[in-house]
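Okay, structure first, notes after.
The values are calculated or read from the model by the stated rules, or taken from the named source; none is laboratory data. What you see is a predicted model; the values in this text were computed from it and never measured. Ideal geometry is used to build each Cβ from the backbone, glycine not excepted, and the neighbour counts take in all protein chains shown. Side chains included, ligands, DNA and RNA excluded: accessible areas come from the protein's heavy atoms. Shrake-Rupley method; radii C 1.70, N 1.55, O 1.52, S 1.80 Å.
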Amino acid sequence: MLDRLLGGFEAGKVTLIDSGSDYVFHLTSLLCVRAVMEGAEVVFVDGGNSIDPHGIAGIARRVGLARLEVLPRIHVARAFTCHQIATILLEQLDEKVRDIDAQLVVLSCLTGLFLDEDVQLSEAHQLFLRSAREIKRIAEDRGVVMVATNAGLAKLYRRKSIRRVLYETAHRVVRFQHHRGGLKIVVPDLGVEETFRPVPANQATLEDFAYPAPRIRDLQQ
């Protein structure tokens with residue numbers, strides 16, 4: 001559905017998924033497996049202890065891939081403070097993307113650690129500003145698909161200057177919101193709103209049959 005709304009995630013651009021729904025974590029797992037299916041290496045920078053290896057392995061099984069075919073190709077860097085994630089983004093990310101020739105970078109819960117009230121706003125803002133500029137430069141210079149997520153729409157309003165920098169960094173923004181009919185997906189720049197009803201990971205949908213080469217390998221016969 002996002003491919004249809006966005007025209008696909010574009011290389012060289014930062015796509016922000018600003019989410020009030022936990023579905024964003026399932027989506028990043030799906031993106032990782034999809035990238036590996038297409039032969040890519042993935043860098044996953046985790047600022048919220050959000051990566052789900054078991055969920056990724058389950059999605060991989062569904063498309064006919066073994067756990068060890070997928071997980072080693074997802075290179076994870078975890079951070080637990082804003083200083084740690086800033087160091088990863090400013091000093092390590094570009095080198096890692098270059099060394100493994102990554103084609104997808106996921107920045108999960110990107111803003112969360114910069115919202116820590118134990119860190120002064122001025123310091124957090126400057127660290128995030130420098131990190132955001134580097135993220136955008138890497139996406140453009142390396143030509144990678146860069147997907148940043150923010151979990152919790154309301155949290156960013158505590159530090160509006162960080163929210164402003166985040167939105168200025170992104171080339172495209174998608175918002176996920178809980179809705180009684182499912183998940184409301186909003187693409188503000190396109191004026192698009194649609195409702196999506198997630199299904200269990202092991203349940204096939206009509207979209208699984210909509211590609212010339214089936215996404216679920218068990219269907220290829």
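Element breakdown for the range 1-84 at a 1.4 angstrom probe: carbon and sulfur atoms account for 52% of the accessible area. For the range 31-187, the alpha-carbon coordinates run over 47, 44, 27 Å along the three principal axes, in decreasing order. Within the range 94-141, the percentage of alpha carbon pairs spaced more than 16 angstrom apart rounds to 48%. Spread over its residues, the convex hull of the C-alpha atoms of the range 1-97 is 121 Å³ per residue.
Note on TYR167 and ALA11: the model spin-label points, each 7 Å out from Cα along the C-beta direction, lie 3.1 nm apart.
For the range 1-77, the solvent-accessible area of protein heavy atoms averages 40 Å² per residue (probe radius 1.4 Å; ligands and nucleic acids excluded). Available extension along the chain between ASP118 and GLN177 is 18.4 nm, counting 0.36 nm per residue and deducting the alpha carbon span.
Positive end of the dipole of the range 1-74 (Cβ unit charges, origin at the Cα centre): among ALA60, PHE25, GLY12, the Cα lying farthest that way belongs to ALA60.
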